[in-house]
1. Would you mind telling me which numbered condition in (1) modelled with pLDDT under 85; (2) under 23 Å from B:Arg24 (Cβ atoms) A:Ile676 fails?
2. What's the number of the condition B:Lys36 fails, among (1) touching a residue at least 24 places away in the same chain (Cβ under 8 Å); (2) over 16 Å from B:Lys3 (Cα atoms)?
3. Being outside any loop (DSSP other than H, G, I, E, B) and either modelled with pLDDT of 85 or more or farther than 27 Å from A:Leu495 by Cα (or both) is the filter here; which residues of the stretch A:430-440 pass it?
4. Of the conditions (1) out of contact with any Gly (no Cβ under 8 Å at 6 or more places or on another chain); (2) in a loop (DSSP other than H, G, I, E, B), A:Leu794 clears all except one; give me its number.
5. Is it the case that B:Asp53 is within 12 Å of chain A (Cβ to nearest Cβ) and among the acidic types (Asp, Glu)?
6. Answer yes or no: is there a residue in the stretch A:332-354 that is closer than 25 Å to A:Leu393 by Cα, in a helix (DSSP H, G or I) and free of Cβ contacts under 8 Å to residues at least 24 places away in the same chain.
7. Within the bounds of the stretch A:289-296, is there any residue that is closer than 14 Å to A:Tyr42 by Cα and touching a Lys or Arg at 6+ places or on another chain (Cβ under 9 Å)?
8. Looking only at residues that are of a type in the set (Val, Ile, Thr) and away from chain A (no Cβ under 14 Å) in the stretch B:64-93, which one is farthest from the chain's Cα centre (by Cα)?
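The values are calculated or read from the model by the stated rules, or taken from the named source; none is laboratory data. None of the values given here were measured: they were computed from a predicted structure. Don't worry about glycine lacking a Cβ; one is built from the backbone with ideal geometry, like all the others, and counts go over all protein chains shown.
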Amino acid sequence: MSFNLLVLTCLGYVVLLFTVASAAERAAVAGRAGWLRSPMVYTLSLSVYCTAWTFYGAVGYAARSGLEFMTIYLGPTLVFVGWWVVLRKLVRIGRENRVTSIADMISARYGKSNLLGVIVTLLCIMAGTPYIALQLQSISQSFTVFVTDPTGPSLATDTTLIAFWVAVGLAFFTIAFGTRTLDANEQHPGVVTAIAVEAVVKLLALLAVGVFVVWFVATGPSDILARIDAQALPEWEIQPGRWTGLILLSAIAIICLPRMFQVTVVENTNDQHLATASWAFPLYLFLISLFVLPIAVIGMELMPAGSNPDMFMLTLPLHLGQDGLALLSFLGGFSAATSMVIVASLALATMVSNHIVVPLWLRVRAVRQRDTGDMRLLVLSVRRLSISLVLGLGYVYYVITGGSAALASIGLIAFVGVAQCLPALIGALYWRGASRNGAALGLIAGMVLWFYTLFLPSFGPEVFLSARVMESGPFDLAWLRPYSLFGLTTLDPLLHSLFWSLMVNIVAFCFGSILSFPSPIERVQGALFVDIFDRPGTARSWTRPMAEAEDLLPMAQRIFGATEAQAFFRAQAELQGKQGFLPDITPEFLEALELKLAGSVGAATAYAMLAQTVGTSVVSVDDLMAVASETAQIMEYSAQLEAKSEELTRTARKLREANEKLQTLSVQKDAFLSQISHELRTPMTSIRAFSEILMDADGMSDEEQIHFARIIHDESIRLTRLLDDLLDLSVLEHGQVQLNITTANLRELIDRAITASNSVQAERNFTLHRSRDREDVDITTDAGRLAQVFINVLSNARKYCDAADPQLRIKVKRRNGMVDVDFIDNGIGIPRDKQALIFEKFSRLTDSMQAGGAGLGLAICREIMHNLGGDITYVPGQGGAAFRVSFPMQLEARESSARPATDPAEAAE
Amino acid sequence: MQKRVLVIEDEPNISEALSFILSRNGWRVDVTADGKAALGRLYADPPDLLILDLMLPGVSGFDILRSVRACDDTRALPVLMLTAKGQAADRIEAERLGVTRFMTKPFANAEVLAAVHEMART
């Protein structure tokens, strides 16, 4: 077959993969990825487990060791069927914590320790590099198989060059689809879909070769069975110890291999897919392994002695002239190798960039300068670089080892390496007491032992370890011989290494964990991981909602703010086909709400908040611990809530005060109305009674009649004056009074007031003491109003001063542009407890109706003085009643005619 | 024998009107504006009827009524209470304290006379 045709086929196939991958990416971006996220695609992507080693190597393995190759499939089968719960937990934790790799998982569980991340990354690189080299080797080997002419173009024979170009191509593919975007989930639908397609291709290829061998080379299954028996070698004998060890090893590998973790956990979109995979993946493995032994047996029968059994998949069809079948088989092997390399380099590059390059880069960067720019481009570049690095390492390894070792052994060595992650990983899932120190100790111990007892010797004698060390141990310490550590000589090197490394790993892990005290974040993460299923996060947890939307809305408002919360509730109500913003409390609604809350306060807090409000489940200590893990957000939010709550308290206090004021006002208003009623009805009573008496005036003297008529007359005047006072007061209180500001002389004003007030109890003779010089002040104010106040004060003095020889002193003082006018009589004055009362409305201290007022005089005076920018006060301790009227000498005209009605209380008084 | 009525009222014009109406109808009328002093007079020489203003200076008509009803000699004394405030709560309080009649000012003279006659008969 032409080498160019082969290259063209490969390129065509790669173009097909590109097309599939980019179509899947586009569908995913457009949200039409439903079929991509099917359980079948997931299951097929798991077949990345079956690499070139499976495709080519299993046949070689079968040729050498009989059925033992089955152990490599039995382990995963056992895991998927029997350890389904472990995988489910792993997947759930991985998805909920947005884990990006196995290193990330272990690091996250043990207090987000980057040390562990680095250890696991290094371990995986060491184990993964030979494995990638193995794939490159198998591809280049498979190319050379097709080259019939050894003197053909140099490219066709130079396996190193083929491997180089294959590595470059794969790096390009992985970069193109593995680092297209930086998704928080680290999911790559394009890659997964391409892997699924390759899974189908390699299965079809293997089945095709198998069917050809069984039904076209042999005559059927019974013939094959007979031939197998005939070919059986002594080495084919089943060794129970080795079988157990290998099954265990492959079972561990399916969990711990970085690429398996990538497809099983990181790329998983739904727990339920595992349910399908639990039977479909074992079925796939069964089909893949079904024809391995027949192909091996027929190959051994038909192929010339000395041909490499690892290449039977290709050489057998070619030998039988089935070029088409060979090409299909080649594509199958190509698929197996490329899919492994793509996923492995993707997984390893994620680890390298996340745990080694980016932290280092940030540290260097932080020292040099603060960078607040977008990290995405940086991370993507690092990721791309890491992919190239990983593939480069694989290529270099391939070049160094020269592809000498048998395919299968390289795979198993890698298995033992990644198996070191198992104790830390299982501890992460099931042991809360597991600690970072324990995990680190176990990992390092296991890694060192694996390195020494398996990895270094695998390069062959005299590469890293001399034959002497291998034979008698370093420094001639026999118990340190790499293949028989501590004198254990009964196991073959692989199981020996597995036994010691895993044993020491587990012991170190357990003791390290027990002896060290985990940090708080480790304990919180531990509880989160171990009890993942006790904290239901799905709709099923909200089975019996008891809350009303009215209860949930305020809570949501506190977190999102009123506008956003209402918009969310309204949108949810619309989804349910309801108007308004109170949706029905369905599990779906609660789930949506929880998700939204989680975006703000973290998942655990959101759950706890909803659980308390909805009341369907009790919040456990673990939930509280989970809440504690979100301390940062909670602190921030509680600070905000506190501020809001203080604001609410303030508002509530203001409202309460306003309410109290209103109630006081209401009482005052009732008292005022009652007073007015009293003041109006009293003169009315006299008027009515005497009018009725006059209506029946028989036998009444004229004097009597005139006397009664006079009473009616006086009471009418009293009524009128009362109404005048009330209206005056009302106008003054509402600031609607129009001030007539003029310049006047204070002395003249006082003269006028004295004259006016003299009519009150004119029979009493008052002695006035004045200092007329000091009264000679020019003032600018509403002189009429001021005179009204003076008249009122003077009249009161005439009415109420009870001294036998009534005297009144008028004193004028000026200070800071204000004028004080004091009116002091020589009566008994006003008792201390009444002094505050006299300026209130209807406050008459005596029963003397002869005074003739309704008790509004001083209240009016006070209002007038306020309007004039001054005040009237009672001055105690002056020997008699003493009133001080103070006002500004120059009253500025008010800008607006109305005093701003600031306080309704004053208006109603 | 001429029946006696005591009027406790601080508004002079009103007590004069009451005094005129009642004396014209054959009553002997005593008038006082001082509620506290009136109480002593009541116990010393109980009248046949008491007309009592609610709002008195220094003392409330309710206090006087309460004292009247508390004393054995005056417990059965018919009391006509007058008020200018006209609040329903006052009427209820007066009735609780055992007022005989309760009237709101301003009143019709005939109304007062009818009430007084009725109370005096029983």
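1. Every listed condition holds for A:Ile676 apart from (2).
2. (1)
3. Filtering the stretch A:430-440 for residues outside any loop (DSSP other than H, G, I, E, B) gives A:430, A:436-440.
A:Arg436, A:Asn437, A:Gly438, A:Ala439, A:Ala440, listed by residue number.
4. (2)
5. Details: within 12 Å of chain A (Cβ to nearest Cβ): yes; among the acidic types (Asp, Glu): yes.
Considered against the rule, which asks whether it is within 12 Å of chain A (Cβ to nearest Cβ) and among the acidic types (Asp, Glu), B:Asp53 comes out as yes.
6. Filtering the stretch A:332-354 down to residues closer than 25 Å to A:Leu393 by Cα leaves A:332-354.
Add one more test, that the residue is in a helix (DSSP H, G or I), and what stays is A:332-354.
Pick out the ones that are also free of Cβ contacts under 8 Å to residues at least 24 places away in the same chain and you get none.
No, the stretch A:332-354 has no match at all.
7. First, pick out the residues of the stretch A:289-296 that are closer than 14 Å to A:Tyr42 by Cα: none.
Taking every residue of the stretch A:289-296 in turn, none turns out to be closer than 14 Å to A:Tyr42 by Cα and touching a Lys or Arg at 6+ places or on another chain (Cβ under 9 Å).
8. Of the residues in the stretch B:64-93, the ones of a type in the set (Val, Ile, Thr) are B:64, B:68, B:74, B:79, B:83, B:92.
Filter once more, keeping what is away from chain A (no Cβ under 14 Å): B:64, B:68, B:74, B:79, B:92.
Values: B:Ile64: 10, B:Val68: 11, B:Thr74: 13, B:Val79: 5, B:Ile92: 17 Å.
Here the residue is B:Ile92.
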